[in-house]
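Visitor: My questions will all concern the structure given below.
The values are calculated or read from the model by the stated rules, or taken from the named source; none is laboratory data. Note that the structure is predicted; figures quoted are calculated from it, not measured. FYI the Cβ positions are ideal-geometry reconstructions off the backbone, even for glycines, and counts take in every protein chain you see.
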Amino acid sequence: MTTTRLIECVPNFSEGRDMSIIEQIIAEINSVEGVQWLDTDPGKATNRTVVTFVGNPEAVCEAAYRAIAKAAQLIDMRHHQGEHPRFGATDVCPLIPISGVTMEECAEYARQLAQRVGTQLSIPVYLYESAASHPDRKNLSTVRAGEYEGLAQKLKDPHWQPDAGPAEFNDHVARTGVTAIGRTRFFDCL
């Protein structure tokens, strides 16, 4: 008997007011075969949307990559304001093992996704929780400290060089911000 391999992804995007942007990001997720979109939770005050989808690990990572790419196209962090801590167009992208995938396998998928986002999209990425490259990067609030407004200074600090992507606050990064990607437990993803 073969166990179905499933992971869940719960990315948080720094847009909670413009439904046309949110719908375009969800369309990217839904364009990937093997992924099932489950929920979208936009917040006007937080100006943040939490999306939930599930599928086989490879399909989920592809959908996450496409969603991150679309968010980078559509969300300009230079103009973002909201009540929730944030530092990127795709602020956080947790992967959660559901069935037939170990915690370490899920952390490795997070590392691979981070490398792809950093290399192909030129977005700085910090790994957090079980995928963290440093013990002090496990906690998301520590990684996100300083938020978007503190990124230019953070990226200059040798201790806070990203795990993937550029380590400079250039025009592209000013627009996209940075993303935190990690393997987390079910209720630790916000």
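Visitor: So the check is Cβ under 6 Å with 6+ separation or different chains; which pairs have a first residue in the range 132-152 that's within 10 Å of residue 87 (Cα to Cα) and a second one that's hydroxyl-bearing (Ser, Thr, Tyr) and surrounded by 15 or more Cβ atoms within 10 Å (Cβ to Cβ)?
Guide: 143/126; 143/128
Visitor: If only one of 176, 142 is in contact with a strand residue (DSSP E or B) (Cβ under 7 Å, 6 or more places away or on another chain) and among the polar types (S, T, N, Q), which one is it?
Guide: Result of the check over 176, 142: 176.
Visitor: Of all residues in the range 129-167 being in contact with a Leu (Cβ under 8 Å, 6 or more places away or on another chain) and on the phi > 0 side of the Ramachandran plot, which is modelled with the lowest pLDDT?
Guide: 129
Visitor: crowded, with 21+ Cβ neighbours inside 10 Å, in contact with a Pro (Cβ under 9 Å, 6 or more places away or on another chain) and basic (Lys, Arg): does that describe residue 86?
Guide: No, not satisfied.
Table: residues versus (1) more than 14 Å from the chain's Cα centre (by Cα); (2) loosely packed, with under 14 Cβ neighbours inside 10 Å; (3) within 22 Å of residue 76 (Cβ to Cβ).
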| residue | (1), (2), (3) |
| --- | --- |
| 126 | no, no, yes |
| 144 | no, no, yes |
| 147 | yes, no, yes |
| 159 | yes, yes, no |
| 166 | yes, no, yes |
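Visitor: Within the range 1-56, restricting attention to residues that are under 18 Å from the mean Cα position of the chain (by Cα), over 16 Å from residue 70 (Cα atoms) and among the charged types (D, E, K, R), which residue is surrounded by the most Cβ atoms within 10 Å (Cβ to Cβ)?
Guide: Out of the qualifying residues, it is 8.
Visitor: If you take the residues in the range 89-118 that are assigned to a helix (DSSP H, G or I) and of a type in the set (Gly, Ala, Ser), which one is modelled with the lowest pLDDT?
Guide: Of everything passing the filter in the range 89-118, 107 is modelled with the lowest pLDDT.
Visitor: Just wondering, is there one or more residues in the range 58-72 that are outside any strand (DSSP E or B), free of Cβ contacts under 8 Å to residues at least 40 places away in the same chain, more than 29 Å from residue 158 (Cα to Cα) and under 12 Å from the mean Cα position of the chain (by Cα)?
Guide: Taking every residue of the range 58-72 in turn, at least one turns out to be outside any strand (DSSP E or B), free of Cβ contacts under 8 Å to residues at least 40 places away in the same chain, more than 29 Å from residue 158 (Cα to Cα) and under 12 Å from the mean Cα position of the chain (by Cα).
Visitor: May I pose another question? Could you list, in sequence order, the residues of the range 1-37 that are touching a Lys or Arg at 6+ places or on another chain (Cβ under 8 Å), without any contact (Cβ under 8 Å) to a residue 60 or more places away in the chain and assigned to a loop (DSSP other than H, G, I, E, B)?
Guide: 17, 31, 32
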